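Heads up, the thing below is written out as structure tokens.
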Amino acid sequence: MKIALAQMNSHLGAFEKNFQSTLDFVFKAHQRGCELVVFPEASMFGYHPVDLLERPGVVKEQLKFLKKLSSKIPNGVGVLVGAITESPLKSGKLYNNSAVFLQKSKKPKIFPKQLLPTYDVFDEGRHIEPGKIEKNVFKFKGRKILVTICEDIWAWPNDHHGKRSPYVSN
């Protein structure tokens, strides 16, 4: 599988601009024969939204552009894009910091970040509900893919004593 890693500078709250940049990258990658295009954390919203998450209408606006993106991507291409999504839980924080897997005409798959930074300038735990990384696995084009976001890949506890991560199975 040919995978494109999209390097882009998202602009906080500039959903139309971020949408257009994302779509441009997807079409360029598709023209080059890529089947999966992977975007940075919170690429649709801009990182990090902090107090903008106190305005539900702002998140809903970003979600409209996410839905629009899903309808515009070419057939046969998978897109993993960073977005702020609504938490499905009845209690806890309202939002997840997620990677969203999109394919044309298919229901999006949402993979929330588990390990939320709350140090230095970061305070994700204030507005973001953590996910469960063991649920962030999906199949695409016959491949099993584990989705991790930032700390999820490098801040795992080191308690498996040289064995494979408990989050990855054969």
| field | Test result for residue 87, in contact (Cβ under 8 Å) with a residue 40 or more places away in the chain and either among the small types (Gly, Ala, Ser) or touching an Asp or Glu at 6+ places or on another chain (Cβ under 8 Å) (or both) | value | yes
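Which residues, taken from region 89-113, are in contact with a His (Cβ under 9 Å, 6 or more places away or on another chain) and buried (at least 20 other Cβ atoms within 10 Å of the Cβ)? Walk me through how you get there before you give the answer.
To start, the set of residues in region 89-113 that are in contact with a His (Cβ under 9 Å, 6 or more places away or on another chain) comprises 93-95, 97.
Once the filter is applied, which keeps residues that are in contact with a His (Cβ under 9 Å, 6 or more places away or on another chain) and buried (at least 20 other Cβ atoms within 10 Å of the Cβ), region 89-113 yields 95, 97.
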| request: Tell me, please, whether a residue that is open to solvent by less than 20 Å² (accessible area, probe 1.4 Å), of a type in the set (Val, Ile, Thr) and out of contact with any Cys (no Cβ under 9 Å at 6 or more places or on another chain) can be found in region 35-43. | output: yes
| query | Is there any pair with a first residue in region 116-138 that is free of Cβ contacts under 8 Å to residues at least 60 places away in the same chain and farther than 19 Å from residue 52 by Cβ and a second that is among the β-branched types (Val, Ile, Thr) and buried (at least 21 other Cβ atoms within 10 Å of the Cβ) whose Cβ atoms are under 7 Å apart and which are 6 or more apart or on different chains, and what are they? | reply | 136/147
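The values are calculated or read from the model by the stated rules, or taken from the named source; none is laboratory data. Remember, it's a predicted structure, so these values are computed and weren't measured experimentally. Don't worry about glycine lacking a Cβ; one is built from the backbone with ideal geometry, like all the others, and counts go over all protein chains shown. Side chains are part of the model used for accessible areas, which takes the heavy atoms of the whole protein and leaves out ligands, DNA and RNA. Shrake-Rupley method; radii C 1.70, N 1.55, O 1.52, S 1.80 Å.
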